[in-house]
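The values are calculated or read from the model by the stated rules, or taken from the named source; none is laboratory data. Just so it is clear, the structure is predicted and the values come from calculations on it, not from any experiment. Note that we place each Cβ from the backbone using ideal geometry, even for glycine, and neighbour counts take in every protein chain shown. Ligands, DNA and RNA are stripped out before the accessible areas are found, and what is left, the full protein with its side chains, is counted by its heavy atoms. Shrake-Rupley method; radii C 1.70, N 1.55, O 1.52, S 1.80 Å.
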Amino acid sequence: MNWIIALLTFLAATVEWVEALTIVLATGLTMGWRPALRGTLLGFLALALIVAAFGLLLAKLAFLKTILQLVIGLLLLLFGLRWVAKAVLRSAGRVGLHDEDQIFERQVAALRKLAPDQRSAEDQAKLAAMTAQADRAAQAVSFQSVLLEGLEVAFIVITFGVSDHFGQAAAHPLGFAVGGALLALVVVALLGAAVHRPLTQVPENTLKYIVGVFLTTFGTFWAGEGLGVAWPGSDLSLLGLALVIWLATRMLVLRISGRAARTA
Amino acid sequence: MKVLYNLLIGDHLTLIWVLVTALISWLVVRLGAPTLAAFLLLLGVVLTMINTTYRKLR
């Protein structure tokens, strides 16, 4: 019976860790690995502190998960929508003229082009400040996803590890549930290490487009969970959400590029 | 705080659209139709996406 608990926890936790991995990979590939990994570590640290502080009492704090899902989901959604908008305009061959993000990116790129000895002290300070800003955003996104998914795993562990469903047949079920979740984490981390290199071969614009769709998809899903909506198919609905959002972006690209061609 | 606001949210109108969408979904959940709320949330997100993109185009 213990092995069934470990297996069930492993399977359920794998789904959650893969969701966190998707966001961390997306952040790392497009905004830099250092802040993405720092955010991941901080997320695990926060998770460890919450689990250590509340232990099994966490099961009674389901509202905490709901609030985090809602807040993190909405933040990710807002972040993702801006990425998608930029990606759509880029794909349609149009760039927002008054887009502050574009201006920010152009300024950073221009400063980075200068050799370090060509930069004035003011340029150096400006570049450092701008890089720090971008790093903070990347760190925040990966931190949020790891904390949220980690908390979901903690709830799964408690559900399987302390549940009465298995009656007296399981001895030390909590240990096996924790083992299943940790094994899932190791497997997903290895998967991430294996796929991150091939993903760097994907063209930058395509990657940013996909990341925008992913961030919007996960943001919508988590915000919905926090609001209490019922996603048909539960976690599987993520695929449907991604498809709908991707199709909507393709229609936008076609429409905007068609309009540009008509005015040219 | 302002820096983080700009980087994570940055766009007041998108924020308003998203919050209104979330509010409508929440109300529909409270009315007892959580699946309909899911579809409305997705619809709201897609409409917000269209609106945000066209505003950036101007």
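Quick look at the values:
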read-out: Per residue, the convex hull volume that the Cα atoms of segment A:2-263 enclose (Å³); value: 153 Å³
read-out: Lys/Arg +1, Asp/Glu -1 at C-beta; segment A:2-263 dipole; positive extreme among A:Val186, A:Gly258, A:Leu215; value: A:Gly258
read-out: Student exercise, segment A:2-263 dipole from Lys, Arg, Asp, Glu Cβ charges, in Debye to nearest 20; value: 940 debye
read-out: 3J(HN,Hα) from dihedral phi, segment A:173-178, Karplus parametrisation 6.51/-1.76/1.60, rounded to Hz, x for glycine, proline; value: x, 4, x, 5, 5, 4
read-out: Residue-level accessible surface for A:Lys65, protein heavy atoms, 1.4 Å, Å²; value: 50 Å²
read-out: Exposure rank, largest accessible area first [B:Ile16, A:Ile210; 1.4 Å]; value: B:Ile16, A:Ile210
read-out: Local electrostatic count, A:Gly226, Cβ distance below 13 Å [Lys/Arg +1, Asp/Glu -1]; value: -1
read-out: Distance between modelled label sites at A:Arg250 and A:Leu37, nm, 7 Å Cα→Cβ extension; value: 3.6 nm
read-out: Integer Hz, Karplus 6.51/-1.76/1.60 couplings in order for segment A:77-86, x for Gly and Pro; value: 5, 5, 5, x, 4, 5, 5, 4, 4, 5
read-out: Stretchable slack from A:Leu56 to A:Asp235, in nm (0.36 nm times residue separation minus alpha-carbon distance); value: 62.0 nm
